[in-house]
Structure formats: C-alpha cells, structure tokens
Amino acid sequence: MPNEDKPDGTVSGYVCGQINAKNGFGAYEGFLPFIMAINMKSKGAFSSGVTYSVAKKKIYTRFSERVPASYKDKCGPDE
C-alpha cells in the first residue's frame, strides 16, 4: 500500500502479513504479524522491473512485545 511519492519517482509503502514457522521441535509456533517499509523505483521506460530497498522490517513476537497501534494504522487488525 503506497503512502508517499517522491520527486525522483520513488514510491514508499509497507508490506504487511503474518508468518508461521516451525520451532526446534518441529511444531508450528503460530502466526505472528510482520511489517516491512519498502522503497520502489521504476528501472525506466524500457523495463518492466523496479529496484527496491527495505527501509526497515519487524516481526512482532507474542512473548517479547505487543503489536503497536502504528502497525494497525498501516496494516489493519493483526487478527
């Protein structure tokens, strides 16, 4: 979801989702929300690709912290 266009054609936005990974015992941990802030810029008129960079990324774990309101503002509810 783009939220900012810059004069040089760079578009900034967020990628949000949930991941579920296995622990050391082979059991799934449960879904955890993540967010990545990205910057994208077209490679030019003759290319269909873009260059991108990840500005920051964060996986919110249940045991160490709560998902902040800023996540819900950018991504919607974490449920």
With open to solvent by 90 Å² or more (accessible area, probe 1.4 Å) and modelled with pLDDT of 80 or more as the only criterion, which of 25, 34 stands out? 25
Residue count for segment 37-52, restricted to those that are more than 23 Å from residue 76 (Cα to Cα) and either at pLDDT 85 or above or not in a loop (DSSP other than H, G, I, E, B) (or both): 5
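The values are calculated or read from the model by the stated rules, or taken from the named source; none is laboratory data. Nothing here was measured: the structure is a model prediction, and the numbers come from that model. Each accessible area value is taken on the protein alone, full model and side chains, heavy atoms only, with ligands, DNA and RNA left out. Shrake-Rupley method; radii C 1.70, N 1.55, O 1.52, S 1.80 Å.
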